[in-house]
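Structure, as structure tokens:
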Amino acid sequence: MTTYFAPSTLSKAVAYMQENQTTKIIAGGTDLLVAHYQELDRLPGLMDIGNIAELKTITTGQEVEIGALVTHEEIADHPWLQQHVPALCQGAAQVGGPQIRNRGTLGGNLVHASPAADLAPPLMVLGAVVELTGSSQVQVPLEEFFKGPGKTVMEPNQILTKVKFSKPAANQGGAYLKLGKRKAMAIATASVAVIVTVDNNRLADLRICLGSVAPVPLRAHKTEDLLRGQRLDLLELAAGERQLQAEISPIDDIRGSAEYRRQAAGPLFRRALLQAINNVGVTQHG
Ligand SMILES: Cc1cc2nc3c(=O)[nH]c(=O)nc-3n(C[C@H](O)[C@H](O)[C@H](O)COP(=O)(O)OP(=O)(O)OC[C@H]3O[C@@H](n4cnc5c(N)ncnc54)[C@H](O)[C@@H]3O)c2cc1C
């Protein structure tokens, strides 16, 4: 018989995890219940964190903090986030369908560590850091968090408590595009998030992160290096696409072949880059 524990505070949850390290955490359950449906009564234990109010908050301002239990729907519908970090809202709005978006959480999306997780690329280009709470509290850059499909740097006694990032500056713009087999209820065949910094009609800086084209959500550092500093009217887009295609390592699966993913990632990136440049400045007022 599986033990079920539903603490009402983070401190109770943290204390419980120190004593019961084989217990599985359940948030929205949209990944966990699918993965363990046949063996729920044989799990060593379940800790339901769904009652912990501290994990449900969104703090906006120069520094943004989003609690682990915030759902995709809450992110997608949040007016301040829509205005200042539209790429993140685009990611959240494209998760599954309405039922999944209303149950599935930010924390679950990251800890499940699917290479196709829709929140990972936009958060990675925002330079997000995840807060992990166990016997002590640590902050880990999202770029160092994923170790492979389903694998992260987390210790068994840790809870992902929040995600933090700085509000983008007025000369930055972002976009997230997802290629899937359908418009809803489809895991990404390939996805890309881009954030650009534009200065004096030049691409002063850019960050690119792709989903579903490598074992982990992947920063395309070499493509960033190639395009950084270029004039907006002389952007070497074709060379950028080729570099990006060389930098990814997609696999064949039911959603698409490796070759299809490589071909598709180039133009998907080009569209996201141009959209991000277009978005510079339009989201910052108010
Ligand atoms: C039909 C369907 C469609 C889907 N479509 C998409 C999609 O389009 N895009 C996409 O990205 N995902 C999709 N998903 C996957 C899933 O809905 C999301 O990843 C969701 O965000 C998971 O959150 P959750 O709260 O339900 O996680 P849970 O299932 O509760 O947990 C997932 C994992 O994370 C751990 N965990 C959860 N929260 C924490 C925490 N705070 N600290 C430590 N560990 C934690 C759990 O122990 C478990 O291992 C889909 C799932 C289904 C069933």
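All of the numbers you see were taken from the coordinates with simple rules; none came from a lab. Computed from a predicted structure; not experimentally measured. Using ideal geometry, Cβ is built from the backbone for each residue, glycine included, and neighbour counts are taken over all protein chains shown.
Here are the numbers for this structure:
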| quantity | calculated |
| --- | --- |
| Listed residue pairs exceeding 18 Å between alpha carbons, taken from 147/181; 24/151; 56/164; 56/162 | 147/181 |
| Net charge dipole size for the range 172-278 [Lys, Arg +1 and Asp, Glu -1 on Cβ; Debye, nearest 20] | 380 |
| Ranked by how many other beta carbons lie within 10 Å on average, peptides 140-150, 15-25, 62-72 from highest | 62-72, 140-150, 15-25 |
| Dipole magnitude (debye, nearest 20) for the range 15-122, charges at Cβ of Lys, Arg, Asp, Glu | 160 |
| In degrees, nearest ten, helix 237-247 long axis to first principal axis of the chain (Cα) | 40 |
| Long-range Cα-Cα pairs in the range 141-232 (distance over 18 Å), rounded percent | 59 |
| Ellipticity estimate at 222 nm from DSSP helix runs (n ≥ 4, -39,500 (n - 2.57)) divided over the chain, nearest 500 | -8500 deg cm²/dmol |
| Projected-area average for the range 172-278 over all orientations - Cα convex hull basis, square nanometres | 6.3 |
| Spatial separation of Cα centroids for the range 1-80 and the range 213-263, in angstrom | 34 |
| Neighbourhood net charge (13 Å Cβ-Cβ; Lys/Arg +1, Asp/Glu -1) for residue 141 | 0 |
| Degrees between helix 10-19 axis and first principal axis of the chain (Cα, 0 to 90, nearest 10) | 70 |
| Residues in the range 197-234 that a label on residue 181 would reach, taking backbone N under 19 Å of a point 7 Å out along Cα→Cβ | 211-214 |
| Peptides 231-242, 260-271, 128-139, 86-97 ordered by average Cβ neighbours within 10 Å, highest first | 86-97, 260-271, 128-139, 231-242 |
| C-alpha long axis of helix 258-278 to longest principal axis of the chain, angle in ° | 70 |
| Net charge, residue 2 excluded, C-beta distance under 14 Å - Lys, Arg +1, Asp, Glu -1 | -1 |
| Radius of gyration, Dmax [the range 34-100; alpha carbons; angstrom] | 15.2, 45 |
| Size of charge dipole - the chain - debye, nearest 20, with Cβ of Lys, Arg +1 and Asp, Glu -1, no other charges | 560 |
| Pairwise Cα inverse-distance average, inverted: Kirkwood Rh of the chain (Å) | 19.4 |
| Between the range 82-119 and the range 126-168, the Cα center-to-center distance that results, in Å | 16 |
| FRET efficiency, residue 232 to residue 77 (Cβ-Cβ, R0 35 Å, nearest 0.05) | 0.60 |
| Principal semi-axes in Å for the range 190-237 [√(5λ), Cα gyration tensor, largest first] | 23, 9, 8 |
| Packing-based ranking, highest mean first, of 45-51, 34-40, 208-214, 186-192 given that Cβ atoms within 10 Å are counted | 208-214, 186-192, 45-51, 34-40 |
| Percentage, to the nearest whole number, of Cα pairs in the range 82-131 over 15 Å apart | 44 |
| Two-decimal Rg/Rh across the range 103-168, once Rg and the Kirkwood Rh are taken from alpha-carbon atoms | 0.93 |
| Surrounding net charge for residue 153, when Lys and Arg each add one and Asp and Glu each subtract one, Cβ distance under 14 Å | -2 |
